[in-house]
Amino acid sequence: MTFERERIRSFIAIELPREIKYELAQLGSNLMDARHPFVKWVDFENVHLTLKFLGNVPGNLITEITEAMKEAVYGISPFRLEVSGLGAFPKMAQPRVIWVGISGETGKLLDLQQRVDSKLVPLGFARENQSFVPHLTLARVRDNASLGDRKDLGRLLTSTKFESRCHITVNSINLMKSQLRPEGPVYSRLFTVSLQGG
């Protein structure tokens, strides 16, 4: 696969089992409400756990990025995450982004994310300036939503309980390509790097 002449919109992520995507789609269908046309739901096939957004990357950097990913995962064994709880950024009373939370072996997840972040610095990628909050984005609230609309939505989110019956076994990280289209982004996997411990 060669990308030398391309600029590739890309990110590094942990992909989710199909069973969890199905549960999130069910949750989304329960929350979708005609009173909330200002909420833009993600395509649940696209839901993933982002470790690092890279932006538009020169194709000739792809090989170096994958090498940095291999260095980042060295010595990290596969680990397990749980998916539960609804939340919103910046807060439930004024939601802009709706998400579900991640629990389980989050210390290992944070270590992995920080390693990925630091290994990419020599390639010209800036360190994240905000603390990593692991979550799965379900929807975004459009800017034209009124304060009352947001409060109503926040009450719905607060009263909704969610806990997945499945879990995520993290045994690899993926370099993903994002193609922006009018109907929504299309993601494809460029490379997979396995966690093997050491």
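Tabulated data for the structure shown
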quantity	calculated
Under 5 Å, built H, 5+ apart or other chain: amide partners of ALA139	VAL42, ILE98
Within region 33-131, trypsin sites (Lys or Arg not before Pro) in DSSP loop having at most 11 other beta-carbon neighbours inside 10 Å	ARG35, LYS91, ARG127
Listed candidates (i) 18.6, 56; (ii) 15.7, 46; (iii) 17.7, 53 - label of the one calculated as Rg and Dmax of the Cα atoms in Å	(iii)
Angle between the chain longest axis and helix 18-31 axis [Cα atoms, degrees, rounded to 10]	30 degrees
Cut-off 19 Å, label 7 Å out along Cα→Cβ of SER103, residues of region 161-197 by amide N	161-170
16 Å cut-off, amide nitrogen to a point 7 angstrom out along THR137 Cα→Cβ, residues in region 165-186	176-186
GluC sites (Glu not before Pro) within region 98-198: DSSP coil, no more than 12 neighbouring Cβ in 10 Å	GLU183
Chymotrypsin sites (Phe, Trp or Tyr not before Pro) restricted to region 141-195 and DSSP loop, no more than 13 other C-beta within 10 Å	none
Nearest-0.05 FRET efficiency for ASP152 and SER77, computed from C-beta distance (R0 35 Å)	0.20
Nearest 10 degrees, 0 to 90: helix 147-159 Cα axis against the chain principal axis	80 degrees
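Rule-based calculations on the coordinates, nothing more; no lab input. Values in this document were obtained by computation on a predicted structure and should not be read as measured data. Positions of Cβ are backbone-derived with ideal geometry, glycine not excepted, and every protein chain shown enters the neighbour counts.
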